[in-house]
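First up is the structure itself, then whatever we jot down about it.
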Amino acid sequence: MLNRNLVLATALLLSGSTTMALAGGPNVEVMHYWTSGSEAAGLNVLKKLLEERGVTWSDSPVAGGTGMNMVQVLRARIASDTAPAAAQMHAQQVQAWASEGVLTDLTDLAKKDDWAKVIAPELVPLISHNGSYVAVPVNVHRSNWLWYNKKVFDSAGLQPPTTWDEFNEVSEKLLAKGVTPLALGGQPWQELDLFENAVLGIGGADFYRKAVIDEDEAALRSDTMVKVFDQLRKMNKYVDSNYPGRDWNLATQMVIKGEAGMQIMGDWAKGELSLANLQPNVDYGCVPAPGTKGSYVWLTDNFGFFKTKDKDKQAGQLAMASAILDKGFQEAFNIKKGSIPSRIDVSMDKFDFCGKAAFADRAEAQKSKKSLPSLAHNAAAGATKTGVFTDVVSTFFETPSVTSQQAIDQLVTGLKSAQ
């Protein structure tokens, strides 16, 4: 937990420096947690586009996973009346800030630019609050991907696993070859990401909805959920001893270098693979996580804009919101980031094999009603309940003495307390 006084002091220092830097003309201070190489490269596309449109950009990155460190800094900035002009947000964070009445209403711009017609329909409710548009989506990510080092697999005579039983068999063979089977960073959100993939891969889409979205007690206490936690326990054996605290992109580097065979991670990992000049189906492979073929677990990165009376900042905010949905930006950014566009009318011709596969798989999942919001990435549940899942799963993964049944009991009790 960050020290609140330190966070507030940092926020005040940042606000003072950026105020001087942004004096005069349309401007925007952007707070975000895109700090890996591929993330920064993608964000730079937006920065250059805004600069071409006469908007001064001030960068305020806050490193850390799914952005929870940034949330603390952002809350301190808001409390000190020094909120940035724009901030990166997941879906539930958009709703939380909108409920507090601090986000700028973008409805006039949305109507002018026909957002309802061009944005993927499942995203519209997430960027709207009480009938008004309050955020703009940059992309759509898929979290149920398995990435594997193709050369490692080919040399070992292995095929990518399509079920969790196959995953365990492949992992044992990789161990025998002296290769770490699963690249993982021991951070709570990464462990929760594994959990949601196991829930879907073992239980299926309907079970995922009942257990994760509906928090149905019968589903949570079922034999299927016991199997999910049992699978998580097996995965303790398949990660290296240095995994605690490792960032996701460093885990991806293990796959890039051939130190690990696989990584279960969203398609932001592809951004790192591309940055390393690796080619899909040559150097690495991308397949749905075990047991999840036909399903698409999605999340979206959005930017919200905080209310301000400063006319130059207001102009910068509207310019940024409009630029995010520029077709050229949507294409260039998402190719670098590894995701697919939030607009539905952007050509996929320039995207690689994995990007085209993601686009096609989403369409299939939408038709079969297997398009599902991610729990680990703040799309399936609010912050409090997501926190319960995170705490229980992370404690279980990192504490071998905790049994699957004990974890389930803790999960049910915690979710009831969070009602």
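The values are calculated or read from the model by the stated rules, or taken from the named source; none is laboratory data. The model shown is predicted, which means the values in this text are computed figures rather than measured ones. All Cβ positions, glycine included, derive from the backbone under ideal geometry; neighbour counts span all protein chains shown. Areas reflect the complete protein model, heavy atoms only, side chains present, ligands, DNA and RNA absent. Shrake-Rupley method; radii C 1.70, N 1.55, O 1.52, S 1.80 Å.
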Worksheet entry | Selection count where residues are under 12 Å from LEU46 (Cβ atoms) and part of a helix (DSSP H, G or I), scope the range 313-336 | 13
Worksheet item: Do we have any residue at all in the range 314-331 that's among the hydroxyl-bearing types (Ser, Thr, Tyr), farther than 30 Å from LEU411 by Cβ and open to solvent by less than 60 Å² (accessible area, probe 1.4 Å)?
Response: yes
Discussion item. When you check VAL94 against the structure, is it within 20 Å of the chain's Cα centre (by Cα), under 21 Å from SER339 (Cβ atoms) and surrounded by 14 or more Cβ atoms within 10 Å (Cβ to Cβ), yes or no?
Written reply: yes
Discussion item. Is it the case, given these coordinates, that LYS370 is in contact with a Ser or Thr (Cβ under 7 Å, 6 or more places away or on another chain) and open to solvent by 60 Å² or more (accessible area, probe 1.4 Å)?
Written reply: yes
Worksheet item: Just checking, how many residues over the range 377-401 are open to solvent by less than 20 Å² (accessible area, probe 1.4 Å) and either of a type in the set (Val, Ile, Thr) or modelled with pLDDT of 95 or more (or both)?
Response: 7
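Just give me the residues in the range 235-254 being under 30 Å from PRO341 (Cα atoms), open to solvent by 40 Å² or more (accessible area, probe 1.4 Å) and modelled with pLDDT of 95 or more, in sequence order.
Going through the range 235-254, the residues under 30 Å from PRO341 (Cα atoms) turn out to be 246-254.
Next, from what is left, pick out any that are open to solvent by 40 Å² or more (accessible area, probe 1.4 Å): 247, 250, 253.
Scanning the range 235-254 gives LEU250, GLN253.
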Worksheet, complete the sentence: Subset of the range 114-133, residues farther than 20 Å from SER371 by Cβ and open to solvent by 50 Å² or more (accessible area, probe 1.4 Å), comes to ASP114, ASN130, GLY131
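For (1) assigned to a loop (DSSP other than H, G, I, E, B); (2) open to solvent by less than 10 Å² (accessible area, probe 1.4 Å); (3) among the hydroxyl-bearing types (Ser, Thr, Tyr), each residue gets a yes or a no:
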{"residue": "GLU215", "(1), (2), (3)": "yes, no, no"}
{"residue": "LYS227", "(1), (2), (3)": "no, no, no"}
{"residue": "ASP230", "(1), (2), (3)": "no, no, no"}
{"residue": "ARG233", "(1), (2), (3)": "no, no, no"}
{"residue": "ILE256", "(1), (2), (3)": "no, no, no"}
{"residue": "GLY271", "(1), (2), (3)": "no, yes, no"}
{"residue": "VAL282", "(1), (2), (3)": "yes, no, no"}
{"residue": "THR292", "(1), (2), (3)": "yes, yes, yes"}
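Counting residues that are of a type in the set (A, V, I, L, M), at pLDDT below 90 and under 25 Å from TRP268 (Cβ atoms), which helices (runs of 4 or more DSSP H) fully inside the range 11-130 reach at least 1?
Result: 37-52, 68-79, 91-99.
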Fill in: Of the criteria (1) more than 20 Å from ASP216 (Cα to Cα); (2) among the charged types (D, E, K, R); (3) touching a residue at least 12 places away in the same chain (Cβ under 8 Å), which one LYS369 fails
(1)
Worksheet item: Does the range 382-399 contain any residue that is over 24 Å from PRO121 (Cα atoms) and not in a helix (DSSP H, G or I)?
Response: yes
